[in-house]
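Peer 1: This structure is in structure tokens; I'll ask about it shortly.
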Amino acid sequence: MVRKLKASAVGVFSVAVGIGMLGLAGLLHAQSDYPGKPVRVIVPFPAGGTSDVMGRMLADELTRVLKQPVIVENIGGAGGVIGIERALKLAPDGYTLIQTGVGQNAVAHGLEPIPKYDSKADFLHLTQVHHGPNVLVVNSGMRFKSLRDMVDYARSNPGKVDYGYTPAASGHMAMELFKQTAKIALTGIPYRGGGPMMTDILGGQIPMMFINQDVALAHVQSGRLRALAVTSSKRNPLYAEVPTIAESGYPGFEALSWSGVSIAKGTPAPIAEKVETAVMQAMNSANIRKRLESNGFVVPPLGPKIYTEFVAREVDQWTSVIRKAGIKSL
């Protein structure tokens, strides 16, 4: 009887080992075969904005690199938080790339409710995709001809100068940082998106705002808006005559709009390495560089180490700005 039980136990163990080996073989095959099906990029904002444009640009190039369709899926809501939370619930298998960015992966950590993810711990950040300045624009009918004009007037008339903003957007954060840096009191008017805000500044309902430079460019070129300053540390080539805030009397000022690409922590290392290699190949393509630079964006330093450290700094900076401003939620 004992011999029969031992034999039975050995048989069960053998079956278990066999099943385990089959599972391991399947996993190894899946890793070596990657990508064996279409890949998706989750963009946590609606179609049509700068984030969506960046996501589709990367997806187009990755389709060529991976030789599989790379499909953009837009999941908007809560300043990008909803899309990120949904993305992190999916299997970390390399088939879901996540667009990370300033709103959803830096600003959100200073607001309530706190996101259900940690941008410093829950991702493998592969590389930054773009960064670009916001530009401070005023309606061309306004009295302000320079940043100094606006600041002097605001100091003489605290709280009487209005501005538009989209809550938690990079332009909102740029304004909060500038108010703290310049020590001025302005009155913010919230908008649900950049489209309605642009309509109102063009119509003269609001006097000024910070907005992504690519969105403002055509209106500045037409003369309907006047650009007072840009938020990058260096002048932007498409706004060559517009000074930076840093050179306008506020050294060190910088507030960027940015995005990158990441995957969920827990993605098997062999697949993560393949995704990273593909993303880096895409980002180093002449096509992407040309598309970014022609729209006034900067091709940032690439790679996971640089991007991981950058995200951590942005989380710390915007959390501090939000707390000083007393902002609690969207």
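Peer 1: So K290 passes all but one of these: (1) closer than 25 Å to G49 by Cα; (2) among the basic types (K, R); (3) surrounded by 14 or more Cβ atoms within 10 Å (Cβ to Cβ). Which condition number does it fail?
Peer 2: If we test K290 against (1) closer than 25 Å to G49 by Cα; (2) among the basic types (K, R); (3) surrounded by 14 or more Cβ atoms within 10 Å (Cβ to Cβ), just (3) comes out false.
Peer 1: Does T308 count as touching a Phe, Trp or Tyr at 6+ places or on another chain (Cβ under 9 Å), in a helix (DSSP H, G or I) and of a type in the set (S, T, N, Q)? Give the derivation first.
Peer 2: Values: touching a Phe, Trp or Tyr at 6+ places or on another chain (Cβ under 9 Å): yes; in a helix (DSSP H, G or I): yes; of a type in the set (S, T, N, Q): yes.
In short, yes.
Peer 1: Of all residues in the range 308-330, how many are surrounded by fewer than 18 Cβ atoms within 10 Å (Cβ to Cβ), of a type in the set (A, V, I, L, M, F, W, C) and at pLDDT 90 or above?
Peer 2: Number satisfying all stated conditions: 2.
Peer 1: Among the residues of the range 109-124, write down those that are assigned to a loop (DSSP other than H, G, I, E, B) and not small (G, A, S). Walk me through it before giving the result.
Peer 2: Kept after step one, since they are assigned to a loop (DSSP other than H, G, I, E, B), are these residues of the range 109-124: 111, 113-122.
Within the range 109-124, L111, P113, I114, P115, K116, Y117, D118, K120, D122 meet the criteria.
Peer 1: Give the residue, chosen from A91, A78, that is within 18 Å of T267 (Cβ to Cβ) and either modelled with pLDDT of 95 or more or small (G, A, S) (or both).
Peer 2: Details: A78 fails: within 18 Å of T267 (Cβ to Cβ).
The match here is A91.
Peer 1: Still on this structure, please answer the following. Do any strands (runs of 3 or more DSSP E) lying entirely in the range 190-280 carry at least 1 residues that are more than 18 Å from the chain's Cα centre (by Cα) and of a type in the set (D, E, K, R), and which ones are they? Step through it out loud before you land on a result.
Peer 2: On the way: elements: 208-212, 225-230, 256-264.
So the answer is 225-230.
Peer 1: Among the listed residues R56, R64, which satisfies the condition of being basic (K, R), under 28 Å from the mean Cα position of the chain (by Cα), modelled with pLDDT of 75 or more and surrounded by 15 or more Cβ atoms within 10 Å (Cβ to Cβ)?
Peer 2: Working: R64 fails: surrounded by 15 or more Cβ atoms within 10 Å (Cβ to Cβ).
Among R56, R64, only R56 is basic (K, R), under 28 Å from the mean Cα position of the chain (by Cα), modelled with pLDDT of 75 or more and surrounded by 15 or more Cβ atoms within 10 Å (Cβ to Cβ).
Peer 1: Does K305 qualify as being of a type outside the set (A, V, I, L, M), over 17 Å from D122 (Cβ atoms) and either out of contact with any helix residue (DSSP H, G or I) (no Cβ under 8 Å at 6 or more places or on another chain) or surrounded by 21 or more Cβ atoms within 10 Å (Cβ to Cβ) (or both)?
Peer 2: Yes.
Peer 1: Being out of contact with any Leu (no Cβ under 7 Å at 6 or more places or on another chain), within 22 Å of V321 (Cβ to Cβ), crowded, with 24+ Cβ neighbours inside 10 Å and among the small types (G, A, S): is that true of A87 here? So that I can check it myself, show each step before the final result.
Peer 2: Numbers: out of contact with any Leu (no Cβ under 7 Å at 6 or more places or on another chain): yes; within 22 Å of V321 (Cβ to Cβ): no; crowded, with 24+ Cβ neighbours inside 10 Å: yes; among the small types (G, A, S): yes.
So A87 fails the test.
Peer 1: Right, next: Quick one: would you say V299 is in the same structural domain as P92 (by TED's automatic domain parsing) and within 15 Å of the chain's Cα centre (by Cα)? Reasoning before the result, please.
Peer 2: Values: in the same structural domain as P92 (by TED's automatic domain parsing): yes; within 15 Å of the chain's Cα centre (by Cα): yes.
For V299, the condition - in the same structural domain as P92 (by TED's automatic domain parsing) and within 15 Å of the chain's Cα centre (by Cα) - is met.
The values are calculated or read from the model by the stated rules, or taken from the named source; none is laboratory data. All values derive from a computational prediction rather than experimental measurement. No Cβ is skipped: glycine too gets one built from the backbone with ideal geometry, and neighbour counts run over all protein chains shown.
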